[in-house]
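Peer 1: Input: one structure, supplied below.
The values are calculated or read from the model by the stated rules, or taken from the named source; none is laboratory data. Note that this is a predicted model, so its numbers are computed, not measured. As a convention, Cβ positions derive from the backbone with ideal geometry for all residues, glycine included, and neighbour counts pool all protein chains shown. Calculation scope for accessible area: heavy atoms of the full protein, side chains included, ligands and nucleic acids excluded. Shrake-Rupley method; radii C 1.70, N 1.55, O 1.52, S 1.80 Å.
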Amino acid sequence: MSDPTTPLVATPGQTIGPFFGYALPVAGGELLVPASHPGAVRLRGTVYDGHGDPVPDALLEIWQADAEGRASTAEGSLRRDPFEFTGFGRTPVDPAGRYTFTTVVPGATTPGRAPFVAMTVFARGLLDRLLTRVYLPLDEDALAADPFLAGVPEDRRHTLVATRDEHGFVFDVRLQGEDETVFLGHGSPA
């Protein structure tokens, strides 16, 4: 029996995963719209660890507004049909750390702000999820005027802006190290 005068020490937290592939992915979770949708674009990239190696067992979620900047109010975020855009996607990375979403270019939800895709990263070794934003390089003036981006140090802003390629947009997530993606703070237990 322990000494009752000895202070208690909290049990350390457990890391998340790597068990995402068993319960969280859903068929078609990476398709916010079908590839045949007239406004469909691909958002793809790779998740890298602090050494620059691909993370083979991460899971990504995105939330975004539709092309007119409206946040969806449709029930059932994983529901997929050609009439109701829910703005939510979830997909695991492949063994080389790569992911792909098929979606639409979001519109700005607030005048004077650049449109973005909100991204959540779950991966081995993380005690909590990581939140970031993905800005698309469509309007340099809107990016320069966006108050959120203006609050990010200038030498780090590029980690929040995707690049364009012949298939759509590329956004690599770097969990640590050189060019680490800017992650957003969120509520933590007191």
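Peer 1: Can you give the local net charge around Leu126? Use residues other than it whose beta-carbon is closer than 13 angstrom to its beta-carbon, Lys and Arg +1, Asp and Glu -1.
Peer 2: -1
Peer 1: OK, next. Measure off, as a whole percent, the carbon and sulfur share of the 1.4 Å-probe accessible area of the range 64-156, all protein chains present.
Peer 2: Ligands and nucleic acids excluded, carbon and sulfur give 53 percent.
Peer 1: Below 15 angstrom from the Cβ of His158, what's the summed charge of the other residues (Lys, Arg +1; Asp, Glu -1)?
Peer 2: Around His158, the charge tally is -3.
Peer 1: Give me the net charge for the shell around Arg44: Cβ to Cβ below 10 angstrom, other residues only, Lys and Arg +1, Asp and Glu -1.
Peer 2: Cβ neighbours under 10 Å give a net charge of -1.
Peer 1: List, in order, the whole-Hz ³J(HN,Hα) value for each residue of the range 147-157 obtained from phi through the Karplus relation with A = 6.51, B = -1.76, C = 1.60 and θ = phi - 60°; use x for Gly and Pro.
Peer 2: Values per residue, Gly and Pro as x: x, 5, 4, 5, x, 8, x, 3, 6, 10, 4 Hz.
Peer 1: Here's something else I'd like to know. What residue among Phe171, Val93, Pro25 has its Cα farthest toward the positive end of the dipole of the chain, where the charges are +1 on Lys, Arg and -1 on Asp, Glu, each on the Cβ?
Peer 2: The Cα lying farthest towards the positive end belongs to Pro25.
Peer 1: Quick check for me: using +1 on Lys/Arg Cβ and -1 on Asp/Glu Cβ, what's the dipole size of the range 109-190 about its Cα centre, in debye to the nearest 20? Provide the component values of the computation, followed by the final result.
Peer 2: Details: 8 positive and 13 negative charges, 87 e Å.
Once rounded to the nearest 20, the dipole reads 420 debye.
Peer 1: If the only charges are +1 at each Lys and Arg Cβ and -1 at each Asp and Glu Cβ, what is the size of the charge dipole of the range 23-121 around the Cα centre, to the nearest 20 debye?
Peer 2: On the way: 8 positive and 11 negative charges, 45 e Å.
In debye, rounded to 20, the range 23-121 gives about 220.
Peer 1: Here's something else I'd like to know. Consider the candidate values (1) 9, 41, 40, 9, 0; (2) 9, 36, 30, 16, 7, 2, 0; (3) 9, 33, 34, 15, 4, 3, 1; state which one is P(r) over Cα pairs in 10 Å bins from 0, in percent computed from the structure displayed.
Peer 2: It is the one labelled (3).
Peer 1: Can I ask one more? What is the pair-distance distribution P(r) of the range 85-175, computed from all Cα-Cα distances in 10 Å bins starting at 0, with each bin given as a whole percent?
Peer 2: 14, 47, 33, 6
Peer 1: Rounded to the nearest 20 debye, what is the charge dipole size of the chain about its Cα centre when +1 sits on each Lys and Arg Cβ and -1 on each Asp and Glu Cβ? Mind dumping the intermediate values first?
Peer 2: On the way: 15 positive and 25 negative charges, 76 e Å.
Around 360 debye, computed over the chain.
Peer 1: Within the chain, which is the longest segment containing none of the chymotrypsin sites (Phe, Trp or Tyr not before Pro) that sit in a DSSP loop and have at most 15 other Cβ atoms within 10 Å?
Peer 2: Working: sites that count: Phe19, Phe83.
So the longest stretch without any such site is 84-190.
Peer 1: So in the chain, what percent of DSSP beta bridges are antiparallel if you round to the nearest 5?
Peer 2: Around 80 percent antiparallel, to the nearest 5.
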